[in-house]
Amino acid sequence: MKIPSAPLLCIAAVLAASPLRAQQAIVIEKERFEPGKTKPILVSLSGLTGEAAQVLQFDLYVQGFAFTNADAAQYLLSGSINGNLTGRATDRYSKASLVAKSYSGGTLRRQVHAFADDFVKALGRQGIAQTKIAFKLDTGANSEIVVSDFDGFGMQEVTKDNSLVAAPAWVPGRLALYYTSYKLGNPDIFHHDLSTGARKIFARYGGSNMSPAVSPDGTKVAMILSKDGWTDLYVGDADGGNVRRLTRSREDESSPCWSPDGKWICFAARINERRALCKIPASGGELQRIATSGVLNPTEPDWSPDGKWIVFTSMMRGFEICVVPAEGGTATVLVSGEDPSWAPNSRTVAFARREGGRRVLSLLDVPTKQYKDISRVSGNSGSNSQPSWAK
């Protein structure tokens, strides 16, 4: 999909077939989602080399696949390029043809993304290879909001404010973002229509206007405001009206996110000088704490689109990406990093990883803990952070 000043959109969901060890065993069981404890699904590749092979390997690696030889793989992938891409996927055990298709139009990279999506869809998932991310790109003393393909290619600046920006948040199913910019000298929240390039101020109250988070149906926006003297959680209509205060605390709140059904808002709170994850009804009501046993100082939560998990950053000796069941429980530490954002498949997470004096964006497969840096983005001289995955 193309737009005048920047690109967009998404895809979604989860689950596949587990590897079989014996060739005569043809029963395929549902893959279990166990964060950090799941073995990758083995695939082989023939016929594609160079850019096509690199793109396909990246697309699948960050979704829990690993490449091996044909004798050890469960799925056999092959392809050829004669102007356009022809892609094939076969189950080595059942001999079933999963994909046999020619792809035309666009670049070779986009054709390979489409093949990757068709393959994972044949396994009961939906693909993410044609989705978009937005993120913060440091440009020296300032920063800008940028949109790119999920693998970092096709990068385009959304803002040219020559100021500080923060926390891009997609409007679900639309080519639009909310984010904070200091363009007018104050941290204000803007709404930006990417299809037209038009933007407008959404929240410009006295004090800070930060961390916009859009409800799943796009009608509400949660945000952190300090307009009443304390830094609290508020929610308002998508046009900026009917702003209501949900929390009243002398402790700072931050990083709101929505449950997929739109009934709850999860956020990071400070309780007795310690960070904790909490949730509150979006319509207002009693605050509830979400247990994150085993880790300290959780912040930056993001609720998975399937509603089952919350990924967050734990601040202990360093920054760690962790995941916990949405109802709370024992947290699993996945990898060093911060700023996590779920993909539409409720499996892959974009996050920022510290490398030397800067941060690079990386994609993590939560069940296997496999991750790869986004090459085009990580090649920039500045830091890249605060990714938001379009859904």
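The values are calculated or read from the model by the stated rules, or taken from the named source; none is laboratory data. Values in this document were obtained by computation on a predicted structure and should not be read as measured data. Here the Cβ is made from the backbone with ideal geometry for all residues, glycine too, and neighbour counts use every protein chain on show.
List of remarks:
- Yes/no for Q63 being among the polar types (S, T, N, Q) and crowded, with 18+ Cβ neighbours inside 10 Å: yes
Matching residues to (1) crowded, with 24+ Cβ neighbours inside 10 Å; (2) among the polar types (S, T, N, Q):
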residue: G328; (1), (2): no, no
residue: S336; (1), (2): no, yes
residue: R347; (1), (2): yes, no
residue: F351; (1), (2): yes, no
residue: K372; (1), (2): no, no
residue: Q386; (1), (2): yes, yes
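- Scope region 158-194; condition within 21 Å of the chain's Cα centre (by Cα) and part of a loop (DSSP other than H, G, I, E, B); matching residues: V158, T159, V171, P172, G173, R174, L175, L194
- Single residue of M223, M210 found to be over 22 Å from G173 (Cβ atoms), assigned by TED's automatic domain parsing to the domain that holds D306 and in a strand (DSSP E or B): M210
- Scan region 253-279 for residues that are under 26 Å from the mean Cα position of the chain (by Cα) and assigned to a loop (DSSP other than H, G, I, E, B) and the total you get is 5.
- Every test in (1) assigned to a loop (DSSP other than H, G, I, E, B); (2) at positive phi is passed by R250 save one, and that test is (2).
- Checklist (1) surrounded by 18 or more Cβ atoms within 10 Å (Cβ to Cβ); (2) at pLDDT 95 or above applied to L164, failing item: (1)
- Among the numbered conditions (1) of a type in the set (S, T, N, Q); (2) in a strand (DSSP E or B); (3) surrounded by 18 or more Cβ atoms within 10 Å (Cβ to Cβ), the only one that S102 does not meet is (3).
- Residue within region 178-189 that is of a type outside the set (G, A, S), in contact (Cβ under 8 Å) with a residue 40 or more places away in the chain, surrounded by fewer than 22 Cβ atoms within 10 Å (Cβ to Cβ) and in contact with a Leu (Cβ under 9 Å, 6 or more places away or on another chain) present: no
- Hits in region 308-348 - residues which are without any contact (Cβ under 8 Å) to a residue 60 or more places away in the chain, more than 24 Å from D261 (Cα to Cα) and of a type outside the set (V, I, T): S314, M315, M316, R317, G318, F319, E320, S336, G337, E338
- Only residues that are more than 12 Å from I128 (Cβ to Cβ), in a loop (DSSP other than H, G, I, E, B) and either charged (D, E, K, R) or touching a Leu at 6+ places or on another chain (Cβ under 7 Å) (or both) were counted in region 345-370, giving 2.
- Flag for L277 being hydrophobic (A, V, I, L, M, F, W, C) and in contact with a helix residue (DSSP H, G or I) (Cβ under 7 Å, 6 or more places away or on another chain): no
- Residues satisfying the criterion are present in region 196-204 (criterion: touching a residue at least 12 places away in the same chain (Cβ under 8 Å) and crowded, with 23+ Cβ neighbours inside 10 Å).
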